[in-house]
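All of the numbers you see were taken from the coordinates with simple rules; none came from a lab. Note that the coordinates shown come from a computational prediction; the quantities given were computed from them, not determined experimentally. Note that we place each Cβ from the backbone using ideal geometry, even for glycine, and neighbour counts take in every protein chain shown.
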Amino acid sequence: MAFLRRRRGGVDPSAQARSVSDLSALEGRHIGVDGIMTGLSFILLFIIVVIPIFMIIYNAFFYEGRFDLSLFTSVIFEEENLKAMGNTIIIALAVTVFGTIMGLFYAWLLGRSDIPAKGFMRALFTIPYMFPPFFGAMAWDLLFSGRAGYINRWLMSTFHLRQPPVNINSIGGIIFVECSYYFPFVFMQVVSALERMDPTLEESARIAGARQSQVIWKITLPLVKPAISAGALLILISSLAHFGVPSILGFSKNIYTLPTMIYALINRSGGSFEGIRQGTALSILLVAVVAIALVIQKYVLSSGSYDIIKGKSMRPTLIKLRGAKYPLLLLASLTLLVIVVVPLVMIFLVALVKAYGLPLTWANFSFSNYVKVFDSPATMDSIKNSLFLSITAGIVCMFLGVMIAYVINRIRPKGRGLLEILSILPYSIPGTVLAIGVILSWSGSLAGINLYNTIWIILVAYMARYLSFSMKSASASLQQVNSSLEEASRACGATHTESLKDITLPLIKPAMVSGFFLIFLPAMRELTTSVLLYGPYSRTLGVQIFALRDAGMIPQASALASVAIVIIIVCNAVVTEITKDRKGA
Amino acid sequence: MSENIAVALRHVTKRFTTRTMGTITAVDDFNLEIKEGECFSFLGPSGCGKTTTLRMIAGFEDLSEGEIELCGRLVSSSAKNLYILPEERDLGMVFQAFAVWPHMNIFDNVAFPLKIRKVARKEIAARVKDALKHCSLDGLENVYPGELSGGQQQRIALARAIVTNPKVMLLDEPLSNLDPKLRETMRFEIKELQRQFGFTIIFVTHDQSEAMALSDRMMVCDMGKIVQIDTPENLYNHPNSRFVHNFLGESTFINVEVKDGQVFPEGDAGQPIGLAIPEGAGPKMVVATRLNAILLTKDGPGFRTRIEKRIFLTDKTEYLVTVGKQLVKIQTPHRDVFVPGEECAVEIAAPSWYPPEDAAAEAERARRNII
Amino acid sequence: MAGIKFQNVSFAYGEKQILRNFSLEVEDAQIMCLLGPSGCGKTTLMRCLLGLNRPSTGEIWVGDRCVFSKEKRINIPPERRGIGVVFQDYAVWPHMTVMENVCYPLKKQRLPRDEMEKKARYALEQVRMRDYAPYLPSQLSGGQQQRVAIARALVSSDEVIVMDEPITNLDAKLREEMLTEIRQIQKNIGTTILYITHDQEASLQLCDRMAIMDAGGALCQIGTDEDIILRPAERFVFEFIGVSNFFTLTRKGENWCFFGREDMPYTGTVPAEFEAAGQVDMGVRPNGIVFDDAAAEGGLTPSLIRGIIRRSVFLGSEYNLFIDLNGQEVRMQRSAFEGMGGVPEGAEVGLSFLGPKFYPVREGA
């Protein structure tokens, strides 16, 4: 029937017209709120993102205004640096492989088997997200570093060994610790894909005659492949840029990766321009490696994403583990406990020990380290600095993120694509590189602004690094807020500004709050950029822990770390409480 | 069509225990025999147990009681704790959400059941080709399902189901995700496939017109119980209960009072409705009739009244007339035009009689719908 | 009270011209349904009226107030047009209670508090949502949210309300209820309602008058439901409003013939105006085709228009028959009540046609 054909045919142009409101065009004659916000977004992103990137590239390839490759080539072919690059790649690849395998195993166990205590195990998976990997590195170092580690010593005395049985200060050790912090990336991706997957995709394979095991290999695994690769690439990129673990475990044995090498170069030169220039050249190398990983990511993610969302809500048939159920449960929860909980406990124990190396017995425990920590002005300053930086960066980025998200999603000016790229880009730039860019830009070479050694330079770096978090959160929320909500308020007699204030802002408030915490929490424990940017009066919490440890004051470092752990746990509890309230409303 | 039994359910019962609502008997003592080559529908509102029954036949759910036989083979039995795995039941099944594997092209999707059965490569190619031809998918072998429309995806699912030549085909609301026009076409296609391959169809749906158009026989169930099993015509013309009458087709229900051998609309003893009183009628009854089985005339025989409201539908006109204090809906073709306010006569040509509404049944339905 | 007037309104989205010199008048205190296939530009028209899209030509009037005019350079912003609107997706603000939602337009009108409450309560009463005033939208069903949206539209304007597919997201039963309610509310308050939809049944049920747009954005017919159903002005209207069969009749000598075959003459009357063209398209509804067989029904002469029943589908109240008539598939609907049982597939039947409509032959149809 002809009319039906007509009704079905083609895209609805009015629907397209709908999404793009003419409102801005209608009011475009005078520069309104929209114009101001658009302009501001571009200017701010230019300052915090474009300038540092430009400065890195310029300083790597130009010397005193002339194009000059000599520095670049000399740095790259330095044997030490080549080795660091090799280490970086080996570590990243190994972490990716092992982390993926581990993540997959747990995802399958929790997503498709009838293993008990799923809720408990899930709770454990959030822990690696909360704490910085360098805490783990510290703890494992306490247990297994050469002849000093507690477990190594115990093993050596019990079994009369000449050599320490495990050496955590090795490439293998670095891989192990990074692995234990990064495998949840794959786990989370895959478990959520398994949950969203339409169970009839698997059931229809059973009907087609496939056994349970065949279904796993031929249907389930291929369908979650995109989730696996997304998680694996996230691990790869994070590990490539990772600073904390290799610095803590590697420095004592002269094992360097690119990020730690950059730090070492700058540190050795005492912050001189020459050191920074060498670091710049190395960062280009690091960026190149990460860029390759990003290209792979883009390619992999675009090639094979399937629509596997479920239609009817039905729970998937769980695989009965039968006899293997309790052994697997034991294995899974023990591994998790060891990986996740032991390091945290270790930090608390060592924090109580009077001096590093003393056996962990009641007699040796005291609170003296905590007293020292709270007595030391430098340490208290670091806590204050971190709080100031995290809260300021959180608030500023929260508002900037909303503004940029609004400009991109609602005002949709020309060049919004560029705006989006600029705000997300710094997230993919390794923190070390970003720090160098910020140093190059704001230590006097541009318009005489010199923020070096002040807290402000760290703030600028944090803003660049974390802006994408709040931007993405606000953007996702804005996309949920249908434009008809704002249009309805216009028709109800509210002006454009009033609609923004009364409708749009209140609706994305939850996203703003979570955007704040998305920034506040990682900023509290940040190390990678701060360690390159801090000055005598602008140490952060992470830097202070790192420095105390570096100076051999291991129990004090542990005490401060345990304080940080408590702060993080409290903040997380607050976030959970807030988000719970919101859902109830 | 032979008279062999393809599917038999004996005392099949399924109970679920939920935390909030206690134990629910989702399927209560189903006894059913479906003949070979038959197209049999399970029809009922949501929560009536139709999907659970289908999943028990497929082998995805255990039975609380009873047993199921497929083509003479015992496949599920709660007493013997015997459950043949779904993959060993030799069934074809098509799901509402298509369940076409997005990572395989169409050829691989359809070839999958054969590959699992280790059929020779040459034979696979031939049989897949044949199946695709029957589902009008020829030439699309190398296309991935993501590039195809819903209707085409459901055809892939059909081709995949018929390629192993199963004796029994389970269809779980296969047309619900398609647009109305396509639904009608696919209905014919399924019927045509059945004619060629001779399989038995069990078809689950909540859409009564779909069930009536497709089935040889159908089962109407409600709240976990079988209400009536019969051919579509018999179910429609001779429903055994008010529920079936209401569920199949559009009806109008008139509350009446029986007094002195005459039938009056409830609460209005002015004019009798000229209806013969059936045996065993109580003083209060409900008369049900189809909307097109009420004759509306200017001055013919029947209850005199006037047109209250006229609504044009796309293919017929709907009139509301008062009978006593109740509004009664009547549908006629567009050709017979009345104006609101006009005097007319209505004659109920084919009435069905039911006792008045049962409040307890309504409450139970509400309880089950919450779950 | 006020009507709505569109005069020569054009609108293009990028390269694509959606409306071309569109004119339409909605009378005061009426429900006008604007009915058209999706993509015909009806939503664009609404957005032009609201001030959310800006037409490239023409004028728009609400009552005696011009809200847009290209020539007079008038473009009143949406918030000052005084039009209530109900969107398809409700657009009820989720962070405000029902009461706050309904009060918002009144707040913008700077009404005193007590008067505001009174008006809002009255509106909520109209949509039977008074008891839900302190609820948040997330605690309401889709139908209830849509009621809140209607109440909000009622308070923001008691003159003109525009509704864009307001019931599409509701289930069938609720849809019918809402239509009855909208009708009732309009009767109570006397608002002018422009109701935009692609749903023929809904607009037939609701409208005082309806305007039908074709896929190209042109206005085909304006009239009452009776006009549209009984006297469709164009072939498009006839096809759009329901299921249809079309036959091309050819003039052979004194007779009109099916498929150009003189042995299949059409025995009814074709309006004389088509004689000159020698060809005419005849449209018949499926329930306008009936069996006409002397042998079976004792008529005078058996019909010469004979086809073979290919498929017979029982649908409860009726049978859908698919008849092969000289190679063309004809859809016939036969009441199961009158039909007294199905007709065997493969049988040959004679047909005649009731209530046919005639339109000029369309190229490529």
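Dividing the convex hull volume of the alpha carbon atoms of chain A by its residue count gives 213 Å³ per residue.
Where in chain A are the helices, taken as whole DSSP H runs, whose Cα atoms extend 24 angstrom or more along the long axis and whose Kyte-Doolittle mean reaches at least 1.6?
Values: long enough: A:79-112 (49 Å, 0.99); A:171-196 (37 Å, 1.15); A:221-240 (27 Å, 1.80); A:273-303 (44 Å, 1.42); A:377-406 (43 Å, 1.29); A:455-480 (37 Å, 0.77); A:505-524 (27 Å, 1.71); A:554-584 (45 Å, 1.03).
Within chain A the helices that satisfy the rule are A:221-240, A:505-524.
Overall size of the stretch B:251-354 from C-alpha positions, given as principal axis extents largest first: 40, 23, 20 Å.
Please compute, over every Cα-Cα pair in the stretch C:141-202, the percentage with a separation greater than 17 angstrom. List each step's numbers first, then the result.
Values: 639 of 1891 pairs.
In whole percent, the share of Cα-Cα pairs in the stretch C:141-202 beyond 17 Å is 34.
What's the long-distance tail for the stretch A:121-257, i.e. % of Cα pairs beyond 20 Å? Percent of Cα pairs beyond 20 Å in the stretch A:121-257: 60. Each of A:Lys325, C:Lys5 has some number of other Cβ atoms within 10 Å of its Cβ, and from fewest to most they run A:Lys325, C:Lys5. In terms of other Cβ atoms within 10 Å, A:Phe187, C:Phe87, C:Phe246 run from fewest to most in the order C:Phe246, C:Phe87, A:Phe187.
The simple spin-label model puts a point 7 Å past each Cα toward its Cβ; for B:Leu82 and A:Trp154 those points are separated by 5.7 nm. Taking the square roots of 5 times each eigenvalue of the Cα gyration tensor of the stretch C:4-240, largest first, gives ellipsoid semi-axes of 29, 22, 15 Å. Using R0 = 41 Å, the C-beta based FRET efficiency linking A:Thr454 and A:Lys501 works out to 0.70.
Separation of the alpha carbons by more than 24 angstrom is noted, of A:Lys509/C:Lys107; A:Lys472/C:Lys42; B:Lys298/B:Lys329; A:Lys253/A:Lys354; C:Lys16/C:Lys70, for A:Lys472/C:Lys42; A:Lys253/A:Lys354.
The modelled label-to-label distance between A:Leu446 and C:Leu174, using points 7 Å beyond Cα along the C-beta direction, is 5.4 nm.
Computed over the stretch A:78-366, the range of Cα coordinates on each principal axis works out to 66, 51, 32 Å, biggest value leading. Restricting the calculation to Cα atoms, the stretch C:243-359 shows an Rg/Rh of 0.98 when the hydrodynamic-style radius is the Kirkwood one. Unpaired Cys in chain C, meaning no second Cys C-beta under 4.7 Å: C:Cys40, C:Cys48, C:Cys66, C:Cys103, C:Cys220, C:Cys257.
Note on chain C: GNM, Cα springs under 10 Å; of C:Gly216, C:Gly190, C:Gly278, the largest mean-square fluctuation is that of C:Gly278.
Its Cα gyration tensor gives the stretch A:81-142 an equivalent ellipsoid, and the semi-axes of that ellipsoid, as √(5λ) in whole Å with the largest first, are 29, 17, 8. Using the Cβ of B:Ile124 as centre and a radius below 14 Å, the other residues enclosed give a net charge of +4, where K and R count +1 and D and E count -1.
Which translational diffusion coefficient, to the nearest whole µm²/s, is obtained for the protein assembly as shown from the Stokes-Einstein equation, given a Kirkwood hydrodynamic radius over C-alpha pairs, 25 °C and 0.890 mPa s? Value of D from the Cα-based Kirkwood radius: 67 µm²/s.
From the C-alpha coordinates alone, can you work out the Kirkwood hydrodynamic radius of the stretch B:5-242, in Å? Please list the in-between numbers first.
On the way: mean 1/r = 0.0540 Å⁻¹.
Its Kirkwood hydrodynamic radius stands at 18.5 Å.
Taking amide hydrogens as placed 1.01 Å from N in the peptide plane, the amide H of C:Gln221 sits under 5 Å from those of C:Ile212, each at least 5 positions away in sequence or on another chain. In this calculation the C-beta distance from A:Ile578 to A:Arg412 is compared with R0 = 35 Å, giving a FRET efficiency of 0.65. Model label points for A:Leu69 and B:Asn240, set 7 angstrom from Cα along the Cα-to-Cβ axis, are 9.1 nm apart.
Taking each residue in C:309-319, count the Cβ atoms of any other chain within 10 Å of its Cβ, then average. What number comes out? Walk me through the intermediate numbers first.
On the way: counts 0, 1, 3, 1, 9, 9, 8, 16, 12, 5, 1.
If you average over the peptide's residues, the count of other-chain Cβ atoms is 6.
Take the cross-link list C:Lys252/C:Lys357; C:Lys119/C:Lys187; B:Lys191/B:Lys225 and give me the ones stretching past 24 Å between alpha-carbons.
Numbers: C:Lys252/C:Lys357 20 Å; C:Lys119/C:Lys187 18 Å; B:Lys191/B:Lys225 28 Å.
Among C:Lys252/C:Lys357; C:Lys119/C:Lys187; B:Lys191/B:Lys225, the Cα-Cα distance tops 24 Å for B:Lys191/B:Lys225.
Which FRET efficiency, nearest 0.05, do C:Ser56 and A:Leu40 yield, Cβ-Cβ r, R0 25 Å? Efficiency, rounded to the nearest 0.05: 0.20.
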